[in-house]
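This report refers to the structure that appears directly beneath it.
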Amino acid sequence: MRYFLTVFICKCVALLLKCMGKKATTTPGAVALRLYPDILHVMAEKVKGDILAVMGTNGKTTTNNLLADYFEAEGKSVVANRIGANLLSGVTCAFIQKAGWTGKIEADVACLEMDEAWAKHILAFITPTKIIIGNLFRDQLDRYGEIDMTMQYLKQAIALAPKATLICNSDDPLVAATVQPFENKKRFFGIKESFHAYESNIKEGKFCYFCGRPLNYRFYHFSQLGDYTCSCGFTRPEITYNAENIQVFPRVAFTVTGFGEIELNGRGMYNIYNVLASMAGALECGIAFQTVQKCTKAYTPQIGRMETFCIGGKPVYLVLAKNPAGFNQSVSSVLEDPRTKDIIIAINDGAQDGRDVSWLWDVDFDALVKDRLVLSYKTSGSRYADMGLRLKYAGIDAHKIGLYSDMKAALDAALSGKGETLYILVNYTALFSTQTLLKELEK
């Protein structure tokens, strides 16, 4: 009775929030946990088949949503936190949304994105059959600390699921080092041979996690991702799911060795890893490769994942970039575009962003100086002045930089620019308000 009442009350809360124009992706879950602390365990037990936990610093939402698409395309009923609410309350809310008003859940599979620091708390209630780890980069220093802490969080989570298959990015030495001590069944995805994309000098894992010596790289793909070895014997694990014949513009396309070609309705080198991660997870669960091909081609980018608008005939791209590695890949996407462009960078320092914005000095903004196709830069958000200073020290001409405390003013100025396209790079709390403005302007 307590379970049924909790579900009913929380679905009422969700309905009320939606009537108020809210997204209702976390609050109903938080209420449920207060009313019935063990409710997530009870609901997860009702999933008939695989439960996939998606972790890693960047790309979790895209990977998780692709996974959910694959299962749904094969007629499966899926529980998924598609919007990216990946704390304990958000995962619980995904189950509340899936449940009927009587609490009944008809779910064949669950695809659940999980915050690295919260994964161990979530897995105290859920037993995953597959754990997918995409990458590990520094993120929100005042929340996670340095990368070693994130690795420890993940190890604590994996220890709670000794029977889960670990599906991991072979090209990331930090991921490989994190999972090496565990006896779980492992499958690795990656890119065996060098692909000459934009490369940043910013590397997270320069040194071997086990002996402390510098890692030896045959090549990099970006950041610390590449083909690495160490004199102590630590080396890149053997790749099961490999990408070759890669292109990244105007959209991602590549061949999966031994399977066939994949084309993604999206851009960016990082999306190759997102697709490989989701594909590996799906194939390990018995999904047909043809289903993956169909879904990736039809994929619609989620909010801020190179989301595209058309305003006054001009293509506008909204890109979420919340840490150095993510920003460097966003810079890479800008450099890949052969058209003239204007750029807006909006940085906030809210609690969800991280109060410490010193990471801006670890982003390779200097690479933008080389791109003569960038006609202007606008900065906005609560730290618009800090961002303007960072661009100045990157060597960008001051007359190209405009500072705007108001995003609407920044948008008006950028849209009236001479660039053929507009790129808007934002961190987390600037994302939703910017999307709302863009939708209004597009109408």
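Please treat every number below as a calculation from the coordinates, not as lab data. Please read these numbers as outputs of a predicted model, since none were measured by experiment. When we count neighbours, we look across all protein chains shown, and the Cβ atoms used for this are built from the backbone with ideal geometry, even at glycine.
Data for the structure
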item: Kyte-Doolittle mean at least 0.5 and Cα axial length at least 15 Å: DSSP H helices in the chain; result: 2-19, 88-98, 270-284
item: Dipole in debye (nearest 20) - the range 2-298, about Cα centre, beta carbon charges: Lys, Arg +1; Asp, Glu -1; result: 740 debye
item: Kirkwood Rh in Å, taken over the range 305-442 so that all alpha-carbon pairs contribute; result: 14.6 Å
item: Relative pair counts by distance (%), Cα atoms of the range 174-266, 5 Å bins; result: 2, 12, 20, 21, 20, 13, 8, 3, 0
item: Fluctuation leader among 351, 68, 110 - the chain, Gaussian network, Cα springs under 10 angstrom; result: 351
item: Kirkwood-based Rg to Rh ratio, the chain, C-alpha trace; result: 0.96
item: Relative contact order (%) - the range 2-298, alpha-carbon pairs under 8 angstrom, separation at least six; result: 17 percent
item: Computed label-point distance, nm, for sites residue 229 and residue 245 using a 7 Å Cα→Cβ extension; result: 2.9 nm
item: Inter-site label distance for residue 77 and residue 257 at 7 Å from Cα along Cβ, in nm; result: 4.1 nm
item: For residue 251, net neighbour charge (Lys/Arg +1, Asp/Glu -1) across residues whose Cβ lies under 9 Å away; result: 0
item: Within straight-line cross-link reach of residue 22, lysines at Cα separation under 26 Å, skipping those fewer than 8 residues along the same chain; result: 11, 60, 98, 104, 322, 408, 439, 443
item: Surrounding net charge for residue 303, when Lys and Arg each add one and Asp and Glu each subtract one, Cβ distance under 12 Å; result: +3
item: Lone cysteines, the chain (no partner Cβ under 4.7 Å); result: 10, 12, 19, 93, 111, 168, 285, 295, 310
item: Neighbour net charge for residue 294 - beta-carbon separation under 14 angstrom, K R +1, D E -1; result: -4
item: Leading residue at positive end of dipole, the chain (Cβ point charges), from 62, 166, 280; result: 62
item: Share, in percent, of DSSP beta bridges within the chain that are antiparallel, nearest 5; result: 35 percent
